[in-house]
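Input: a single structure, listed below in structure tokens.
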Amino acid sequence: MTETFAVQDSAELAVVERGGFVESRHAGSAVVLAPSGEVITRLGDPDALILPRSSLKPLQAVAVVTAGAALEGERLALATASHAGTDRHAAVVRDMLGAVGLTEDHLACPASWPTDVATRDAMVREHLEPAAIRHNCSGKHAAMLSACVATGWSTEGYLDETHPLQVHIREVVERLTGEKIAATVIDGCGAPVHALTLTGLARGIHRVGTSSERSPFALHRVAGALVRTVREHPWTIDGPGRSDTFAIERFGVFSKLGAEGVQVMVAPDGTTVALKTLDGSLRAAPLVALHLLANAGALTASDVADAAAHPMFAVQGGGRDVGRIRATV
């Protein structure tokens, strides 16, 4: 069986403190690349295979545009999002589908409630049902469908591993990461997700995050536009007060989480982090990534320390803050 790194190959990345008592520890692996792409930090076993989950979306988004999807601005940003399912997110996804003559019925991701609590509560009050357009991956799926329409590929079975779109995405992922895909499984949204090393994922994200819109190569022009657009519209990729949106707004990084504890982040100078917490928890991942970028000199340590005071990293007891999640890297 193909599997990720083991407990004994992990490094401690963060702890959870409650009233001065270290209650939990998050172990995992991480790798940091310099702006040049050189590996400068290794923790745990970053050469072991992982499933990038939604941290693969930036590479998938580049692939769907090079396959023909005509996406710009907020629509392009939604192609790489794990969005909160707000009305604003859903409206952009509907626009993406409508632009190519499709509707929500063409989405093959599961019907879901929004992860944004206020939006979910409003839907419940209005007696609405979960919907595919509210799934956090609906932007990615709309982008995939857009590419199929533009290229003349069937929209039926667009998630099948042998569909021309998925074949193209696989080729682009291999090109950007410099690795051959080790295994392909089904992600939570129903799309294929490819096993890579953490180092390979970091290289792919570094190439996306440092690409120029003035490059002579279309792949890099698309990547440059994607990163610029996400930085211009940080609400798209996640949601108000949520970790990726917070990191982008606060530090100008390009940030993308993935399920099961995966996080990638590119600083404005090109320094890149990729990490996975072995227990699959995401609660410490963005903070660890920010600390690793600060350790590399890409972010100011005092600014990262201030960000660590954000409520998302607080530990609650009796309705008040009684501790913190603390990076130990």
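The values are calculated or read from the model by the stated rules, or taken from the named source; none is laboratory data. Computed from a predicted model, the values in this text were never measured in an experiment. Every residue, glycine among them, receives a Cβ derived from its backbone with ideal geometry; neighbour counts consider all protein chains shown.
Applying the selection to region 142-164, what residues are assigned to a helix (DSSP H, G or I) and in contact with a Gly (Cβ under 9 Å, 6 or more places away or on another chain)?
Ser146, Ala147, Cys148, Val149, Ala150, Thr151
Within region 50-59, how many residues are assigned to a helix (DSSP H, G or I) and crowded, with 24+ Cβ neighbours inside 10 Å?
Count: 6.
Listed residues Thr151, Thr177; which is under 26 Å from Glu38 (Cα atoms), of a type in the set (Ser, Thr, Tyr) and either in contact with a Pro (Cβ under 6 Å, 6 or more places away or on another chain) or touching a residue at least 24 places away in the same chain (Cβ under 8 Å) (or both)? So that I can check it myself, show each step before the final result.
Numbers: Thr151 fails: under 26 Å from Glu38 (Cα atoms).
When all the criteria are applied, what remains is Thr177.
So Arg326 fits all but one of (1) more than 25 Å from Ser211 (Cβ to Cβ); (2) among the charged types (D, E, K, R); (3) touching an Asp or Glu at 6+ places or on another chain (Cβ under 9 Å); (4) part of a helix (DSSP H, G or I); what number is the exception?
If we test Arg326 against (1) more than 25 Å from Ser211 (Cβ to Cβ); (2) among the charged types (D, E, K, R); (3) touching an Asp or Glu at 6+ places or on another chain (Cβ under 9 Å); (4) part of a helix (DSSP H, G or I), just (4) comes out false.
Each row is one residue, and each column tells you yes or no for (1) surrounded by 18 or more Cβ atoms within 10 Å (Cβ to Cβ); (2) modelled with pLDDT of 95 or more; (3) not acidic (Asp, Glu).
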residue: Ala14; (1), (2), (3): yes, yes, yes
residue: Ala34; (1), (2), (3): no, yes, yes
residue: Glu38; (1), (2), (3): no, yes, no
residue: Thr41; (1), (2), (3): no, yes, yes
residue: Leu71; (1), (2), (3): yes, yes, yes
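Being outside any loop (DSSP other than H, G, I, E, B), more than 19 Å from the chain's Cα centre (by Cα) and of a type in the set (A, V, I, L, M, F, W, C) narrows it down to one residue among Leu76, Leu97; which is it?
Going through Leu76, Leu97 in turn, the sole match is Leu97.
Would you point out the residue of region 275-323, among those that are in contact with an Asp or Glu (Cβ under 7 Å, 6 or more places away or on another chain) and without any contact (Cβ under 8 Å) to a residue 24 or more places away in the chain, that is nearest to Ala6 (Cα to Cα)?
Taking the candidates together, the pick is Gly280.
For (1) surrounded by fewer than 20 Cβ atoms within 10 Å (Cβ to Cβ); (2) touching a strand residue (DSSP E or B) at 6+ places or on another chain (Cβ under 6 Å); (3) on the phi > 0 side of the Ramachandran plot, each residue gets a yes or a no:
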residue	(1), (2), (3)
Leu278	no, yes, no
Ala284	no, yes, no
Leu299	no, no, no
Ser302	yes, no, no
Ala305	yes, no, no
His310	yes, no, no
Val315	yes, yes, no
Arg324	yes, yes, no
Thr328	yes, yes, no
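Out of (1) surrounded by 24 or more Cβ atoms within 10 Å (Cβ to Cβ); (2) closer than 22 Å to Leu165 by Cβ, what's the single condition that is false for Pro114?
Only one criterion is unmet by Pro114, namely (2).
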